[in-house]
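Structure, as structure tokens:
Read-outs: derived from the displayed coordinates by stated rules, not from any lab. Computed from a predicted structure; not experimentally measured. With ideal geometry, Cβ positions are generated from the backbone for all residues, glycine too; neighbour counts draw on all protein chains shown.
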Amino acid sequence: MAVLTPSPKTAFVDNAGEPLVGGQLYTYIAGTTTLQATYTDATATTANTNPIILDSRGEANVWLGGAIYKFVLKDADGALIWTVDYISAPTAAVSPVLSGNVTIDSNTPSPALQITQTGTGPALKVQDSADPDITPFIVDATGQVGIGTATPVSALEIASPGVFTGAWAYLPSGTKMLFVQTAAPTGWTKSTTHDNKALRVVSGAASSGGTTAFTSVFTARTITTANMPSHTHTLTDPGHTHSVSAPTVGVTGWGGTGNINNATFTVSTSTTGITIANTGSGTAMDFAVQYVDVIIATKD
């Protein structure tokens, strides 16, 4: 694409159409009589004199800043030729092709750059040397941002595979992190050393341990006698008595004494009211806690 070159120098003529030699160009803040600087070149580091004195061809280097100006042109004797207010660098209805760096210099409460897209095309597109670039940085007409894609479908869409940038890029190689996804992101390697394990937070050295897998411990189960360690129960007897009954027997002998042969004695039972419960309900204990699977990945 080509465009018409702008005038490289600003030239002025007098009423006779002759170069306005020694003419004076005053530049003000728009709508005021307060002087406002213009510049000698595109760097905007050196301001013109104000007024600008035109050379022998009636020309001058006049580069505008990001503000809005009023121009007042006078001849060499100070006679007014014309006044034009509200002048600014062209910002609309043009299709410039810019080469090199572009600087937007503004000192107003309004946006330094405002893009209004009333059509269906993107509001902003930044592409590489390919034209058209199918993986640009783009802001579409609705304000959705695409990085690496020309057709974002959400507020921010980064084309896959995305990569970590900014502070992420400075994580040292070998750093380990948790990710709630199946595959490691670009620039990271999934670790398969640990599987089906729980996480433990420690204040000392990080390590691993244990012998039973996570899902083997946290599951529904019924405790049986075989699961119980050897143990004892203590019983305290509050005290009780037994009655004894004896048969009537004859006694023979001398002096009022004798032997009792083959007598049967009966001892009565006694109840204390003590019982020991030794069975449970048999209901399974549910240890199946909810969980979220993560992976451990190491930065390459």
Sequence-distant lysines (8 or more away, or on other chains) whose Cα lies within less than 23 Å of K74: K9
Q127-A44 FRET efficiency (beta carbon distance; Förster radius 22 Å; 0.05 resolution): 0.20
The range 1-110, Rg to Rh (Cα coordinates; Rh as Kirkwood inverse mean 1/r): 0.98
Local charge sum around I115 (other residues, Cβ-Cβ under 12 Å, Lys/Arg +1, Asp/Glu -1)? 0
Computed lengthening from T32 to F137, 0.36 nm per intervening residue step minus Cα-Cα distance: 33.7 nm
Classify the range 120-160 as rounded, prolate or oblate from the Cα gyration tensor: take a ≥ b ≥ c as the square roots of its eigenvalues, call it rounded if a/c is under 1.5, otherwise prolate when a/b beats b/c and oblate if not. oblate
Sorted by mean Cβ packing within 10 Å, highest first, what order do the peptides 110-117, 27-34, 191-198 take? 27-34, 191-198, 110-117
Starting from the Cα of I68, step 7 Å along the direction of its Cβ; do the same at T212; then give the gap between the two resulting points in nm. 7.9
Give the calculated FRET efficiency between A89 and L178 to the nearest 0.05, with a Förster radius of 51 Å applied to their Cβ-Cβ distance. 0.45
Per-residue counts of other Cβ atoms within 10 Å, averaged by peptide: what ranking do you get for 45-52, 214-221, 63-70, highest first? 63-70, 45-52, 214-221
